[in-house]
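Please read the structure below before turning to the comments.
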């Protein structure tokens, strides 16, 4: 589904991502790990269109997407969450989700201005679907509160829900468990399993190794912007290079 | 927002019907109590409500500052005055064409300016306002009458002339209702949600599929249209326009009204326009103090009432209805 070929991006003299290739199939959870500053979030920003890579291609369902704008990539079926919570704080929870549907709704300017019958029906459908989605992630009873009144963990879940609203085939999760307590982490794990059943592929950055080893089907390890290793979780856990990178052991 | 829940509330219908009846009777009441000046003020309130509601779309909802909206006010006023006098277009049509021109200008300004962050955007819009002011003050061929200004005709619809405050009030009321309905529709739609998303977090909005540049341009153009409609109403109500009305001071007045009343709401611009205009009337005898007063108002609002008067009312209402208990979800 997603195929990244030899992507390189540098900022000035710093090579943030160096010759990275990876593959994300549908219905699987692919983990991206590495020490702080390894270039994981930069990689997400490249895939989601925030940065344009200097070299390499990103192919999503047969279309080259490198260099496209974030809103275009969202429309093609890639949704994301952010490392730092990036919700629309002064909007209600349900409105956050409906904004997530933006690229799947059709009303244009004039049908909105005159509130045509079609536009009204679409709005009704959108809010119903948003409620369903909130029910799916377990935030239905919060629908009409402002997004910033939610707890930290709930805000992270809302970001995932907002991402799901665009009906993506690929979901990029940037440290979804950060700041969550143990119970919330279990719920997040269950939610991801539910998302997989919709045949959505997940690419996830996470520092919580326990969570990561439990959920990920396959792992890629970044270090200093380079791909250090990749493989199934058991192999990665046993890989001496990976252990050295994390523990700073001698080489 | 939660309009799905509000639907079919008979009490609300009766309230809005009563409100409309009051608005319709207002000039009659003013005439009965022998205070016809009140009708003139009401007409100005209507004009300002439209202008400020327009700015609310771009500033309140979309989060993009404009300190140059007097320019669009001028395009509406001069545009309609010139189109009707030089090209003999019926005024009611020129009052529509001029705002369309303003909307196009707004889009042309917003397209390059949409990349600018807040403070640079405010500088760019100040510059735009100043350029427009200079252009009407020293116009090519003196078409705007330069410093002398222009006399404008009154609106005449099928032989009925809106040549008194009493008559013009009803035309203005119709415009207000029409444009506020359009604004309400727009802000509660996919387009309006995109505006607010851009205001709240442009980065995330783009990530959620919103083409931020496109929607900033749309917000700017719509807001220019509204303010230009107000400008054209001003021109054909007062009967005379001159550059003095379209200085930066006018832009500041718009923003003051909006901040004072409260941003991103329907009542905010209405409350702001009424409050500031009444204050203006009260301070009529010391006209050179006006800017000072606006300055104080802005300081008060920014420091003490970030939500404006309407925001304060909303907060009080919320506190009143949620006394004691913890906030409970609506569903």
Query raised in the report: Which percent, to the nearest 5, of DSSP beta bridges fully inside chain A are antiparallel?
Result: 55
Requested in this report: Report the percentage of all Cα-Cα pairs in region A:36-171 whose separation exceeds 17 Å, rounded to a whole percent.
Outcome: 63
Report summary line: Relative contact order as a percentage, region B:131-175, C-alpha pairs under 8 Å and 6+ apart, gives 17
Query raised in the report: Taking other Cβ within 10 Å of each residue's Cβ, how do A:134, A:150 sort, fewest first?
Result: A:150, A:134
Query - Fraction in percent of alpha-carbon pairs per bin - 10 Å, region B:256-319 - result: 25, 50, 22, 4
Report summary line: Rounded to whole angstroms and listed largest first, the alpha-carbon spread of region A:12-58 along its three principal axes comes to 37, 25, 18
Report task. Bin width 10 Å, alpha-carbon pairs only: give the P(r) of chain A as whole percents, running from 0 to the bin holding the largest distance. Result -> 7, 30, 35, 20, 7, 1, 0
Query raised in the report: If you average the sequence gap of Cα pairs under 8 Å that are 6 or more apart and divide by the length of chain B, what percent do you get for the contact order?
Result: 29
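Given a Förster distance of 45 Å, report the FRET efficiency between residue B:24 and residue A:197 from their Cβ-Cβ distance, rounded to the nearest 0.05. Write down the numbers at each step before the final one.
Numbers: r = 59 Å, r/R0 = 1.30.
The pair residue B:24/residue A:197 has a calculated efficiency of 0.15.
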Requested in this report: Can you pull a Stokes-Einstein diffusion coefficient for region A:105-251 at 10 °C (1.306 mPa s), Rh from Kirkwood over Cα pairs, as a whole number of µm²/s?
Outcome: 89
**Report entry** In range of the label at residue B:184: residues from region B:223-261 whose backbone nitrogen is under 20 Å from the point 7 Å along Cα→Cβ
**Finding:** B:223, B:226-227, B:230, B:261
Report summary line: Under the 7 Å Cα-to-Cβ spin-label approximation, residue A:14 and residue A:124 lie apart by a distance in nanometres of 5.3
Query raised in the report: What translational diffusion coefficient, in µm²/s and rounded to a whole number, does the Stokes-Einstein relation yield for the protein assembly as shown at 37 °C and a viscosity of 0.692 mPa s, taking the hydrodynamic radius as the Kirkwood radius over Cα pairs?
Result: 124
Report task. Can you run the Rg to Rh ratio on chain B? Use alpha carbon positions and the Kirkwood inverse-distance Rh. Result -> 0.97
Requested in this report: Determine, at each q value in 0.22 (inverse angstroms), the log₁₀ of I(q)/I(0) that the Debye formula gives when each Cα of region B:1-116 is one equal point scatterer.
Outcome: -1.14
Query - For region A:110-251: relative contact order, % (alpha-carbon pairs under 8 angstrom, 6 or more apart) - result: 14
Report task. Please list the radius of gyration and Dmax for region B:191-287, considering alpha-carbon atoms only, with Å as the unit. Result -> 16.8, 54
Query raised in the report: What nm distance separates the two modelled labels at residue B:299 and residue A:55, each placed 7 Å from Cα along Cα→Cβ?
Result: 6.0
Report summary line: Counting only DSSP beta bridges fully inside the protein assembly as shown, the antiparallel percentage to nearest 5 is 60
Query raised in the report: Once the Cα gyration tensor of region A:24-111 is diagonalised, what are the square roots of 5 times its eigenvalues, in whole Å and ordered largest first, as equivalent ellipsoid semi-axes?
Result: 26, 18, 13
Requested in this report: Would you calculate, for chain A, the mean residue ellipticity at 222 nm contributed by helices, counting each DSSP H stretch of 4 or more residues as -39,500 (n - 2.57) and dividing by all residues, to the nearest 500?
Outcome: -11500 deg cm²/dmol
**Report entry** Label-point separation in nm, residue A:6 to residue A:90, each point 7 Å along Cα→Cβ
**Finding:** 4.9
Query raised in the report: Which order results if A:125, A:213 are arranged by neighbouring Cβ count within 10 Å, fewest first?
Result: A:125, A:213
Query raised in the report: If one computes the Cα centroid of region A:73-102 and of region B:176-215, what distance in Å separates the two points?
Result: 14
Report summary line: For region A:144-202, the Debye formula with one identical point scatterer on each Cα and no solvent gives log10 I(q)/I(0) at q = 0.13, 0.23, 0.25, 0.30 Å⁻¹ as -0.33, -0.98, -1.11, -1.33
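How many percent of Cα pairs in region B:105-223 exceed 26 Å?
Working: 3357 of 7021 pairs.
Taking all Cα-Cα pairs of region B:105-223, the fraction more than 26 Å apart is 48 percent.
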Report summary line: Per the helix-only model, chain B has a calculated mean residue ellipticity at 222 nm (DSSP H runs of ≥4, -39500 (n - 2.57) each, divided over all residues, rounded to the nearest 500) of -23500 deg cm²/dmol
Requested in this report: Tell me the Kirkwood hydrodynamic radius of region A:104-158 in angstroms, computed as one over the mean inverse distance between distinct C-alpha pairs.
Outcome: 12.8
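Bear in mind that the values in this text are calculations on the coordinates, not laboratory data. No experiment lies behind these values; they were computed from the predicted model shown. Note: ideal-geometry Cβ built from the backbone for every residue, glycine included; neighbour counts use all protein chains shown.
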